[in-house]
Amino acid sequence: MPDFRAHCAPPTAEPAELTLSPDESHHLVVVNRAPLGATVVAFDGHGSEWICELAAADKRAAGLKVRSTQKAKPRPFSITLGQALPKGGTMDDIVRKATEIGTARIVPLTSERTQVHLDADRSDKKIEKWNTAALEAAKQCGNPWLPEIAPVQTATAFMASANGYDLKLIASLQPGAKSLKAVVAATTAALGRAPRSVVWLVGPEGDFTPAELSQAEAAGFEPITLGPLVLRCETAAIYALSVLSYELQN
């Protein structure tokens, strides 16, 4: 993979030249110090990539000459993470790692035990920050797909509206929680194919309340164990996404 990647949304699918935004230009030219003539992969976050040559090293409007176009294959499955908001900057890290793993959609949630409460203005700023974190991660790992980051909503509202998924999961410390392998195998047998759309709920510090867990199960979410140890919410999210992605690929 070439050393330099940049995000760009050209007006046409087959551009001959690209001009990067001021932020992307600064990152490419000033931060990464890409020289004239360097190979740069521009991507739109929706699977399209353009192999380019840096033709104008302008830190405010870098110009790229397109050599070729390529389209990434659609993913065989789509994972949505419903993540109850943790304290501090932990959500930034979860978004970065989820992007690296290939999560398609991230839904930030408030729950009864969530200690972070955002008004409309702060929520918009947070979503902008999380989109930036996802973009940075995508450029670092070579992911041509950017996750959709949904507006902040309540966990109960999300549970009630989570329709159309082949499989709905919730990380659980409760007795009787099942193994992921067993649930994926049972769903595959029932569908006659592997699940193509999966949503996984991960709670905040202190987990979801018993009432929220009951509502999740009533909405069709399968309680899944992540092992005998109590994991931090960011560890639980990345562990859950990793093992799920592995199971779906295999």
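The values are calculated or read from the model by the stated rules, or taken from the named source; none is laboratory data. On a predicted model such as this, the values are computed, not experimentally measured, just so you know. Here the Cβ is made from the backbone with ideal geometry for all residues, glycine too, and neighbour counts use every protein chain on show.
On the stretch given as the range 213-244, residues that are more than 21 Å from the chain's Cα centre (by Cα) and surrounded by 22 or more Cβ atoms within 10 Å (Cβ to Cβ) total 1.
Considering each of Thr99, Thr80, Thr114 in turn, give the residue that is part of a strand (DSSP E or B), under 22 Å from the mean Cα position of the chain (by Cα) and of a type outside the set (A, V, I, L, M, F, W, C). Thr80 is the lone residue from the list that is part of a strand (DSSP E or B), under 22 Å from the mean Cα position of the chain (by Cα) and of a type outside the set (A, V, I, L, M, F, W, C).
Counting the residues of the range 185-212 that are within 23 Å of the chain's Cα centre (by Cα) and either aromatic (Phe, Trp, Tyr) or modelled with pLDDT of 95 or more (or both) gives 9. With the requirement that a residue be crowded, with 18+ Cβ neighbours inside 10 Å, touching a helix residue (DSSP H, G or I) at 6+ places or on another chain (Cβ under 6 Å) and in a helix (DSSP H, G or I), what does the range 130-154 give you? Those that are crowded, with 18+ Cβ neighbours inside 10 Å, touching a helix residue (DSSP H, G or I) at 6+ places or on another chain (Cβ under 6 Å) and in a helix (DSSP H, G or I): Trp130, Ala133, Ala134, Ala137, Ala138. On the basis of being aromatic (Phe, Trp, Tyr), touching an Asp or Glu at 6+ places or on another chain (Cβ under 8 Å), in contact (Cβ under 8 Å) with a residue 24 or more places away in the chain and assigned by TED's automatic domain parsing to the domain that holds Ala98, does Phe208 make the cut? For Phe208, the condition - aromatic (Phe, Trp, Tyr), touching an Asp or Glu at 6+ places or on another chain (Cβ under 8 Å), in contact (Cβ under 8 Å) with a residue 24 or more places away in the chain and assigned by TED's automatic domain parsing to the domain that holds Ala98 - is met.
Could you check how many residues of the range 169-199 are under 23 Å from Pro108 (Cβ atoms), assigned to a strand (DSSP E or B) and out of contact with any helix residue (DSSP H, G or I) (no Cβ under 8 Å at 6 or more places or on another chain)? Going through the range 169-199 one residue at a time, the tally reaches 2. Note on the range 8-44: among residues that are buried (at least 19 other Cβ atoms within 10 Å of the Cβ) and under 18 Å from Cys141 (Cβ atoms), the one that is nearest to the chain's Cα centre (by Cα) is Phe43.
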